[in-house]
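Notes follow once the structure below has been shown.
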Amino acid sequence: MDFEVSQVKEKFGTLRFYFHLAESHTREFTDQLYDIVRLWEERSATVCEKCGNPGEQRTDLP
Ligand SMILES: [Zn+2]
(Lines give C-alpha, C1' and ligand atoms only; values in the text may rest on other atoms or scores of the structure.)
Protein backbone atom coordinates (compact mmCIF):
# COMPACT_ATOMS: atom_id res chain seq x y z
CA MET A 1 0.00 0.00 0.00
CA ASP A 2 1.46 3.33 -1.02
CA PHE A 3 -0.89 5.49 1.02
CA GLU A 4 0.94 7.10 3.89
CA VAL A 5 -0.55 9.50 6.41
CA SER A 6 2.08 12.08 7.17
CA GLN A 7 0.23 14.28 9.64
CA VAL A 8 -3.15 14.59 11.32
CA LYS A 9 -3.75 17.63 13.46
CA GLU A 10 -6.13 20.34 14.55
CA LYS A 11 -5.78 23.89 13.32
CA PHE A 12 -8.17 26.71 14.23
CA GLY A 13 -10.56 24.07 15.60
CA THR A 14 -10.66 22.09 12.36
CA LEU A 15 -9.09 18.92 11.04
CA ARG A 16 -5.95 18.88 8.90
CA PHE A 17 -5.14 15.57 7.20
CA TYR A 18 -1.94 15.27 5.18
CA PHE A 19 -0.91 12.22 3.19
CA HIS A 20 1.49 10.96 0.57
CA LEU A 21 0.78 8.76 -2.43
CA ALA A 22 3.09 7.07 -4.85
CA GLU A 23 2.62 8.49 -8.34
CA SER A 24 1.15 5.28 -9.67
CA HIS A 25 -2.44 6.51 -9.56
CA THR A 26 -4.62 8.23 -12.09
CA ARG A 27 -5.27 11.92 -11.77
CA GLU A 28 -8.94 11.12 -11.27
CA PHE A 29 -8.24 8.83 -8.32
CA THR A 30 -5.93 11.38 -6.71
CA ASP A 31 -8.45 14.18 -7.20
CA GLN A 32 -11.19 12.09 -5.59
CA LEU A 33 -8.96 11.39 -2.62
CA TYR A 34 -8.24 15.10 -2.13
CA ASP A 35 -11.96 15.84 -2.45
CA ILE A 36 -12.76 13.34 0.32
CA VAL A 37 -10.11 14.79 2.62
CA ARG A 38 -11.30 18.34 1.92
CA LEU A 39 -14.92 17.33 2.62
CA TRP A 40 -14.09 15.98 6.07
CA GLU A 41 -11.77 18.87 6.87
CA GLU A 42 -14.68 21.20 6.11
CA ARG A 43 -17.15 19.08 8.07
CA SER A 44 -14.84 19.14 11.08
CA ALA A 45 -15.69 22.83 11.43
CA THR A 46 -19.32 21.89 12.15
CA VAL A 47 -18.73 19.69 15.19
CA CYS A 48 -17.27 20.22 18.65
CA GLU A 49 -13.62 19.19 18.67
CA LYS A 50 -13.95 17.83 22.22
CA CYS A 51 -17.17 15.79 22.17
CA GLY A 52 -18.23 15.57 18.50
CA ASN A 53 -21.66 17.12 19.01
CA PRO A 54 -22.85 19.71 16.51
CA GLY A 55 -20.95 22.95 16.91
CA GLU A 56 -19.47 25.87 15.10
CA GLN A 57 -16.09 27.41 14.68
CA ARG A 58 -15.19 29.87 17.41
CA THR A 59 -12.46 32.43 17.60
CA ASP A 60 -13.11 33.59 21.16
CA LEU A 61 -11.22 30.74 22.83
CA PRO A 62 -7.48 30.36 23.28
ZN1 LIG B 1 -18.48 19.52 22.97
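Here are some notes:
- C-alpha long axis of helix 27-43 to longest principal axis of the chain, angle in °: 10 degrees
- Equivalent-ellipsoid semi-axes for the chain (Cα gyration tensor, √(5λ), whole Å, largest first): 28, 12, 9.
- Per residue, segment 1-43 exposes an accessible area of 84 Å² to a 1.4 Å probe, with every protein chain left in place.
- MRE, 222 nm, helices only [DSSP H, n ≥ 4, -39500 (n - 2.57), over the chain, to nearest 500]: -9000 deg cm²/dmol
- Farthest positive-ward along the chain dipole, Cα basis, beta-carbon charges - from 32, 52, 15: 52
- Ranking 20, 25 by solvent-accessible area of protein heavy atoms (1.4 Å probe, all protein chains present), from largest to smallest, gives 20, 25.
The values are calculated or read from the model by the stated rules, or taken from the named source; none is laboratory data. A quick note: this is a predicted structure, and the numbers were derived from the prediction, not measured. Because the Cβ atoms are built from the backbone with ideal geometry, glycine has one as well, and the counts that use them run over all protein chains shown. Calculation scope for accessible area: heavy atoms of the full protein, side chains included, ligands and nucleic acids excluded. Shrake-Rupley method; radii C 1.70, N 1.55, O 1.52, S 1.80 Å.
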